[in-house]
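Colleague: Here it is, the structure in full.
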Amino acid sequence: MLLIKEIRERRESIKERLRKRAFRDTDLIDEIINLDDKRRKIKAELDDLLNKTKTRSKEIGDLYKSGKREEAEQKKKEMASLKDEVKALEDEFRKVELRIADTLERIPNLPHESVPPGTTDADNVIVKEGGSMPSLPDDALTHWDLAAKFDLIRFEEGTKITGSGFPVFSGMGARLQRALVNFFLDRALGAGYHEFSPPLLVNKDSAFATGQLPDKDGQMYYINEDDLYLIPTAEVPLTNLYRDKLLKEEDLPQKLVGYTPCFRREAGSYGKDVRGLNRLHQFDKVEIVQIVHPEKSYDVLEKMMAHVESLLMELELPYRILRLCGGDLGFTSALTFDFEVFSAAQKKWLEVSSVSNFESFQANRLKLRFKDRDGKNQLLHTLNGSALAFPRIIAALLENGQTKDGIEMPAALHPYLGFEKIA
RNA sequence: GGAGGAAUGGCGGAGUGGUCGAACGCACCGGUCUUGAAAACCGGAGACCCUUCACGGGGUCCGGGGGUUCGAAUCCCUCUUCCUCCGCCA
């Protein structure tokens, strides 16, 4: 959430930056300022009234003490109308505040200056490519064919017991998944992250604080009976560990990692893009989160990217890194880099990680601050990244590693798998 | 699910109708002492909002919401969470 103070101070430049991310309702900025003017005016009147009632009641107390009952009774009568006025103003004040909050919540984060212009993923900018492309024969199998051939993933049975987008991993497929959990977590621990195993359901406050609500309402699975949401990413519970916290500067940075399943309704996605493991309702992911000093967040973003990149190199997958354009940026993000791997039989780039700096946008909602050297409370910066999301990694590993006599696994996974080849 | 108890500042913890933004301790900041540090001593210091160029002034906040009262951290209702006991289940 943006700060009203900044909106007031930089009205036009904020509108300009919002346009860069293809946000059309820039009128909301003017609306907020108007409402805030109104709020301040009411606040001044209200404070004045409250001040009066406070003084009066002290006077009444004093009168009683000095035995002047008559005068006290008289003053009490006068208070009645004051109280009505206070009540009316308070109602008005609350209404304006609610409208401000409502409007403010719908405004996305401001894009960082390095965010390229553009409206769709076609405008994302490739900043780096790495790894080497496998050379597969023309009759190379897609991962869903390989999955069937070696009994690694049972899509139909998942559809039967739950629905489409809920695959069942089987045999070496299940073992591969388990190996990836440990591989990714171990690498994160090696990089100094603290491991958490958080709840998979969160309440409204948590979903709001990281920005899934109100923006992604309808994309999360919702348990009506208990008013809880299934997490779309471990980002939500992990970051919310720090909701309503006041940290000390020496506690920074906080580095967290968690492995969780993720649940996404993916309402509105159909067609060939959702084939096989390409897009699922439930998938596994290891997520890294950092809570950092505001001056350090862009350095940390680079470190997190380097971490993600190192994972892809160890997995020996061809990858590329994209700087997301304004129109493709998530609601809460100031700058995001996507990592894609090439799935060689589908001949497709698949997104496997998204590393973002949210600056103070989430921290503002979380009320996550630290006491700086001057003793002032300042918002922290939050960042996160997938390290990594499993299904598309598995798709690429299967397709790219296929040979005449089985599927070769990268050496880094051998100790975790207990085998070197799927056959 | 039933019965009882509790929720106070960064943390711990007093406070049962006005003199309470709230004792005290820890942590924190400044100073004295010390070669330096620690200890000791002295002093400072909550968050948020409005207003002011500034000094300052005003308001709100004692888990959330509502109520009683001239006046609420304190009394009442309600919700949430935690603790104890009982029941149920893994």
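The values are calculated or read from the model by the stated rules, or taken from the named source; none is laboratory data. Everything quoted here is computed from the prediction, not taken from an experiment. We place every Cβ from the backbone using ideal geometry, glycine too, and count neighbours over all the protein chains shown.
Colleague: Those residues that are of a type outside the set (S, T, N, Q) and farther than 13 Å from A:Leu277 by Cα, I need them from region A:145-174; list them, please.
Modeller: A:Lys149, A:Phe150, A:Asp151, A:Glu157, A:Lys160, A:Ile161, A:Gly163, A:Gly171, A:Met172, A:Ala174
Colleague: Taking the stated definitions as given, is A:Ser297 free of Cβ contacts under 8 Å to residues at least 60 places away in the same chain, surrounded by 22 or more Cβ atoms within 10 Å (Cβ to Cβ) and not hydrophobic (A, V, I, L, M, F, W, C)?
Modeller: When the stated conditions are applied, A:Ser297 does not pass them.
Colleague: Taking region A:1-41, which residues are more than 14 Å from RNA strand B (Cβ to nearest atom), of a type in the set (Val, Ile, Thr) and assigned to a helix (DSSP H, G or I)?
Modeller: A:Ile14, A:Ile29 - these are the residues of region A:1-41 that are more than 14 Å from RNA strand B (Cβ to nearest atom), of a type in the set (Val, Ile, Thr) and assigned to a helix (DSSP H, G or I).
Colleague: Determine, yes or no, whether A:Asp405 is among the acidic types (Asp, Glu), within 26 Å of A:Leu238 (Cα to Cα) and modelled with pLDDT under 95.
Modeller: The answer is no for A:Asp405.
Colleague: Examine region A:388-398 for a residue that is more than 16 Å from RNA strand B (Cβ to nearest atom), outside any strand (DSSP E or B) and of a type in the set (Val, Ile, Thr), and state whether such a residue exists.
Modeller: Within region A:388-398 (the criterion being more than 16 Å from RNA strand B (Cβ to nearest atom), outside any strand (DSSP E or B) and of a type in the set (Val, Ile, Thr)), the answer is yes, since at least one residue qualifies.
Colleague: Related question: Can you work out which of the residues in region A:281-299 that are among the hydrophobic types (A, V, I, L, M, F, W, C) and closer than 16 Å to A:Ala363 by Cα is farthest from the chain's Cα centre (by Cα)?
Modeller: First, the residues of region A:281-299 that are among the hydrophobic types (A, V, I, L, M, F, W, C): A:283, A:286, A:288-289, A:291-292.
Still in the list and also closer than 16 Å to A:Ala363 by Cα: A:289, A:291-292.
Numbers: A:Val289: 10, A:Ile291: 13, A:Val292: 16 Å.
Filtering region A:281-299 for residues that are among the hydrophobic types (A, V, I, L, M, F, W, C) and closer than 16 Å to A:Ala363 by Cα, the one farthest from the chain's Cα centre (by Cα) comes out as A:Val292.
Colleague: Can you tell me which residue in region A:357-372 is farthest from the chain's Cα centre (by Cα), limited to those that are in a strand (DSSP E or B) and away from RNA strand B (no atom under 13 Å from the Cβ)?
Modeller: A:Glu359
Colleague: Can you spot a residue in region A:22-40 that is within 30 Å of A:Gly330 (Cα to Cα), free of Cβ contacts under 8 Å to residues at least 24 places away in the same chain and surrounded by 15 or more Cβ atoms within 10 Å (Cβ to Cβ)?
Modeller: Yes, region A:22-40 contains at least one residue that is within 30 Å of A:Gly330 (Cα to Cα), free of Cβ contacts under 8 Å to residues at least 24 places away in the same chain and surrounded by 15 or more Cβ atoms within 10 Å (Cβ to Cβ).
Colleague: So, of the residues in region A:86-108 that are acidic (Asp, Glu) and within 12 Å of RNA strand B (Cβ to nearest atom), which turns out to be farthest from A:Arg40 (Cα to Cα)? Walk me through how you get there before you give the answer.
Modeller: First, pick out the residues of region A:86-108 that are acidic (Asp, Glu): A:90-92, A:97, A:102, A:105.
If we keep only those that are within 12 Å of RNA strand B (Cβ to nearest atom) as well, we get A:90-91, A:97.
Details: A:Glu90: 13, A:Asp91: 14, A:Glu97: 10 Å.
Within region A:86-108, the match that is farthest from A:Arg40 (Cα to Cα) is A:Asp91.
Colleague: Specify the residue that is nearest to RNA strand B (Cβ to nearest atom); the eligible residues are those in region A:58-73 that are surrounded by 13 or more Cβ atoms within 10 Å (Cβ to Cβ) and part of a helix (DSSP H, G or I).
Modeller: Checked region A:58-73; the qualifying residue nearest to RNA strand B (Cβ to nearest atom) is A:Ile60.
Colleague: Would you confirm whether or not region A:144-153 contains a residue that is farther than 20 Å from A:Leu280 by Cα and either of a type in the set (A, V, I, L, M) or assigned to a helix (DSSP H, G or I) (or both)?
Modeller: The initial filter retains those residues of region A:144-153 that are farther than 20 Å from A:Leu280 by Cα, namely A:149-150.
From what is left, the residues that are either of a type in the set (A, V, I, L, M) or assigned to a helix (DSSP H, G or I) (or both) are A:149.
Among the residues of region A:144-153, at least one is farther than 20 Å from A:Leu280 by Cα and either of a type in the set (A, V, I, L, M) or assigned to a helix (DSSP H, G or I) (or both), which makes the answer yes.
Colleague: Identify all residues within region A:42-57 that are charged (D, E, K, R) and within 8 Å of RNA strand B (Cβ to nearest atom); write none if there are none.
Modeller: Selection gives A:Lys43, A:Asp47, A:Asp48, A:Lys54, A:Arg56.
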